[in-house]
Amino acid sequence: MSGRSTALMRHFWPFLSLAVLLVVIVALGSLGSPIVQRVMTEALIRLVMVVGLYIFVGSSGILSFGHAAFMMLAAYGSGWLATPAKTKRVLMSDMPSFLGQAEIAPPFGVICGMAWAAFIALIVGYPLMRLSGIAAAIGTFSVLAIVYVVYSNWEAMTGGTSSMIGLPVYVDLWTALGCAIGAMAVAFLFQTSKLGLALRASREDEVAAKAIGVNVHLARLIAFVISAAIVGLGGIMQGHFLGTLNVFQFYLGITFLTIAMLVIGGAGSLAGAVLGTFVVSVAAELLRQIENGFEIAGLLIQAPPGLREVGLAFVMLAILIFRPHGLTAGRELPVPRLLRRAPG
Amino acid sequence: MNLVIQIIIDALSVGSLYAMSALGIGLIFGIMRLMNFAHGEFIMIGAYSLLLTAAQWAPVRVLVSVMVVIAVALATERIAFRPVRRANPTTLLITSFAVSFFLQYLFVLLLGARPIGIDILPSLGEPFTVGAVRIPRLHVVTIGLTAVLLAAIALFLKRTHFGIEMRAAAINFRMARLLGVRANRVIAVAFALSGFLAAVISMLYVVQTGTLSPTMGLQLALFGFIATIIGGMGSLVGAVLGGMFVGAVSVLLQSTLPVELRPYRDAFVFAVVFFVILARPQGLFRGAEARERV
């Protein structure tokens, strides 16, 4: 291999290695039963959300409780636009007519949804990104609470606390894989860009970063907007995977699940985001199997409801207690010896 | 005029609950930078433990609940929070979330997710009538009890040995340890006090709602959480005033918003929170001496 391509490989290794691993796992899963494929698609959707969250949280070091709001905004945005006008006439008759008659191709729905989430992120992020630490976290949480309360009462547009149904279902295992790799690519390009590095510097020491001329406010804001668009993509995928949207999907449950996945994997690296999602998804699925019941020697063993959550919380606690900095402790996958620079 | 008095009493009563919740969260946050999300589950467990003492005399029931919650609070500290004490605040927060999730679903597992009706001290539901103003007894009890407890806790913090240790630890944990404050003991006392407050809140809340459910503590913990932050992180007086502030804002909005906007009340409450946090990121009531230094 020429020196130049080795250098490129070395640079892109953290992303490429993860992408290849993911493709291999998904390819193996695609041979499995429809249930396995469904579970994998769900995990990939979560992965898009967690990677989106990572773009902001991992680089800036600021915790956001508000990203579920961007999932919700984007998912409903795409749902309103991409659902066939005929369906909307029947199911959402109170919708304003310009939206009721709109019917655009799914890819444009995705773009509009992501742009809408990014736009709102820009507006709320502009003042919020001046804050740090727990104040910023509570600020982002208020954004989520406001969006949640509005959407769960806005009967005409969202169906209120009942579901919005009839979304075209087009997300399958392969589209989900494509989106997940795309999200990882965006995250990797951001974290290795000049802006991403500057933001990481501000995470370690805000004052020192400012002193060497980093515009911390701008760097955070840009990360926040990109991150909102990517988690928005996750929300859109969820809507067009299930075919229904419900406000409860985008509140505290998903907020904490995604943050927990990120922290358990290690919030400082892309590998952490991916590994955290993988570990928690696998644990959750195994526990779900136990909850659904399994047969041993003709005897159906079935756990009572609630066991899955108790078990999941237990696994999460155990990981946090033994590895407080997450499974990867903020490191990317190690570059293999073959690609390393020759010593000296 | 009557309406104004009614609103003031409502605001004080709702604010009292939030204030005690905020104080319970703030006591722990001040010392170990842990935003304890499991506080809502402490409240929930306090309420559920009333089921253990169904036919007993009311003070016995309250006492048992208080003991149970203190025991649970101390156990979570020992098992879950002590091993991660040195980790960053995000990890602490996620740990508390895992604890909260664990306890909540433990109750789903044991008793099911469906709300259970419970009727304790029904006499508190009746109102006092003063002229044209009808004041629920519960409101008076809530406000009175809060005032007494806050005074007692203030005395505890100012006058007793443990209290002085706690205040020292809240100002500078490392320095306090160097001067001989035992970390484990001071944190345990904070958890016990926090659990005690949670148990008191749960009693008042159950009398008011008459139902038990595994998620019943969420609202109180959430608003307590927010009150602690906008009151001024680490300041206990700030936490109490923050709780009163959040309670007052939500009661005022409830009575002044036009009817068609009332379902959106919490959106307005959080909009107020949003602007408060932007205007004063350090909290409403925090003194200058607590500013973070470089």
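The values are calculated or read from the model by the stated rules, or taken from the named source; none is laboratory data. Worth saying up front: this structure is predicted, and the values here are computed from it rather than measured. Virtual Cβ from ideal backbone geometry, glycine too; neighbours counted across all protein chains shown. These area figures cover heavy atoms from the full protein model, side chains too; ligands, DNA and RNA do not enter into them. Shrake-Rupley method; radii C 1.70, N 1.55, O 1.52, S 1.80 Å.
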ask   = Put A:VAL186, B:VAL4 in order of accessible area, largest first, 1.4 Å probe: what do you get?
value = B:VAL4, A:VAL186
inquiry  = Relative contact order for the range A:146-247: what percent, with Cα pairs under 8 Å and sequence separation of 6 or more?
reply    = 45
ask   = Can you tell me the Rg and Dmax of the range B:80-163, counting just the alpha carbons, in angstroms?
value = 20.4, 58
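How crowded by other chains is B:219-229, given as the mean number of beta carbons from other chains within 10 Å of each beta carbon?
2
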key: Cα-based Rg / Dmax (Å) for the range A:176-323   = 19.3, 69
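For the range B:15-154, report the accessible area per residue in Å² (1.4 Å probe, heavy atoms, rounded to an integer).
Working: 5760 Å² over 140 residues.
Computed with neighbouring chains in place, this is 41 Å² per residue.
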ask   = Cα gyration tensor of the protein assembly as shown, axes a ≥ b ≥ c as square roots of the eigenvalues: rounded (a/c below 1.5), prolate (a/b > b/c) or oblate?
value = prolate
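Could you calculate the FRET efficiency of A:LEU21 with A:GLU155 from 1/(1 + (r/R0)^6), where r is the beta carbon distance between them and R0 is 35 Å, rounded to 0.05?
Numbers: r = 45 Å, r/R0 = 1.28.
With R0 = 35 Å, the Cβ-Cβ based efficiency is 0.20.
So for A:TYR148, A:TYR170, what's the accessible-area order with a 1.4 Å probe, most first? Walk me through the numbers before you get to the answer.
On the way: A:TYR148 35, A:TYR170 70 Å².
The ordering from most to least exposed comes out as A:TYR170, A:TYR148.
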request  = Could you tell me, in Å, what Rg and Dmax come out for the Cα atoms of the range B:1-96?
outcome  = 17.0, 55
Two-decimal Rg/Rh across the range A:20-102, once Rg and the Kirkwood Rh are taken from alpha-carbon atoms = 1.13
request  = Quote the Stokes-Einstein diffusion coefficient, in whole µm² s⁻¹, for chain B, based on the Kirkwood radius over alpha carbon pairs, a temperature of 20 °C and a viscosity of 1.002 mPa s.
outcome  = 109
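In peptide B:258-264, what is the residue-averaged number of other protein chain Cβ atoms found within 10 Å of each Cβ?
Details: counts 0, 0, 0, 1, 1, 7, 6.
Average per residue, whole number: 2.
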request  = Might you report the magnitude of the Cβ-based charge dipole of the range B:75-233 about its Cα centre, with Lys and Arg at +1 and Asp and Glu at -1, to the nearest 20 debye?
outcome  = 720
ask   = Roughly how many nanometres apart are two label points built 7 Å out from the Cα toward the Cβ at A:ARG288 and B:PHE128?
value = 5.5
inquiry  = Residue by residue through A:146-153, how many Cβ atoms from other chains fall within 10 Å of the Cβ on average?
reply    = 5
query = Can you give the Rg to Rh ratio of the range B:21-66, both from alpha-carbon atoms, with Rh computed by the Kirkwood formula?
reply = 1.13
note = the range A:1-40 scanned against label point 7 Å out from A:ASP172 along Cα→C-beta; backbone N under 20 Å for A:23-40
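Where does each of A:TRP174, B:TRP57 land when they are ordered by accessible area, with a 1.4 Å probe and the largest first? Could you put the intermediate results ahead of the total?
Details: A:TRP174 130, B:TRP57 180 Å².
Ranked from most to least accessible, the order is B:TRP57, A:TRP174.
Relative to the compact globular guide of 2.2 N^0.38 Å, what is the alpha carbon radius of gyration of the range A:61-125, as a ratio? Walk me through the intermediate numbers first.
Numbers: Rg = 13.6 Å, N = 65, 2.2 N^0.38 = 10.7 Å.
Expressed relative to 2.2 N^0.38 Å, the Cα Rg reads 1.27.
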key: Virtual paramagnetic centre 7 Å along Cα→Cβ of B:LEU3, amide N under 18 Å, in the range B:263-286   = B:263
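From the P(r) of the range B:158-263, could you give the percentage of C-alpha pairs in the tail past 20 Å?
On the way: 3111 of 5565 pairs.
Of the Cα pairs, 56 percent sit more than 20 Å apart.
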message = So if I take the centroid of the Cα atoms in the range A:70-106 and the same for the range A:211-234, what is the distance between those two points in Å?
response = 29
query = So which DSSP H runs in chain B come out at 20 Å plus along the axis (Cα) with average Kyte-Doolittle of at least 0.5?
reply = B:2-32, B:58-76, B:89-111, B:137-159, B:183-209, B:236-256, B:265-279
query = Does the range B:157-199 classify as rounded, prolate or oblate by the C-alpha gyration tensor (a ≥ b ≥ c root eigenvalues; a/c under 1.5 gives rounded; else a/b over b/c gives prolate, otherwise oblate)?
reply = prolate
remark   = So for R0 = 25 Å, FRET eff. of A:LYS194-A:SER30 from the Cβ-Cβ r, to 0.05, ends up at 0.05
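Looking at the square roots a ≥ b ≥ c of the eigenvalues of the Cα gyration tensor of chain A, which shape do they give, rounded for a/c under 1.5, prolate if a/b is larger than b/c, or oblate? Provide the component values of the computation, followed by the final result.
Numbers: a/c = 1.56, a/b = 1.17, b/c = 1.33.
It comes out oblate by the Cα gyration axes.
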remark   = Measure of exposure for A:MET40: accessible area at 1.4 Å probe, Å² rounded to 10, is 40
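Evaluate 2.2 N^0.38 Å with N set to the residue count of the range A:63-177, then give the Cα radius of gyration divided by it. Mind showing how you got there, number by number?
Details: Rg = 15.6 Å, N = 115, 2.2 N^0.38 = 13.4 Å.
For the range A:63-177, the normalised Cα radius of gyration comes out at 1.17.
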query = Accessible area of B:THR256, 1.4 Å probe, to the nearest 10 Å²?
reply = 100
ask   = Charges only on Cβ, +1 for Lys and Arg, -1 for Asp and Glu: so what's the dipole of chain B about the Cα centre, in debye to the nearest 20?
value = 1020
inquiry  = Starting from the Kirkwood Rh over alpha-carbon pairs, what translational D in µm² s⁻¹ does the range A:119-214 have by Stokes-Einstein at 10 °C and 1.306 mPa s?
reply    = 93
ask   = Given C-alpha coordinates of the range A:158-252, what is the ratio Rg to Rh with the Kirkwood estimate of Rh?
value = 1.14
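What percent does the relative contact order of the range B:30-136 come to when contacts are Cα pairs within less than 8 Å and at least six residues apart? It would help to have the intermediate numbers written out before the result.
Numbers: 70 pairs, mean separation 32.4, N = 107.
Relative contact order for the range B:30-136 comes out at 30 percent.
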task = Evaluate the distance, in nm, between pseudo-label points positioned 7 Å from the Cα of B:LEU63 and of B:LEU51 along their respective Cα→Cβ axes.
result = 2.4
query = Given R₀ = 56 Å, FRET efficiency for B:ASN172-A:LEU91 by Cβ-Cβ distance, to 0.05?
reply = 0.40
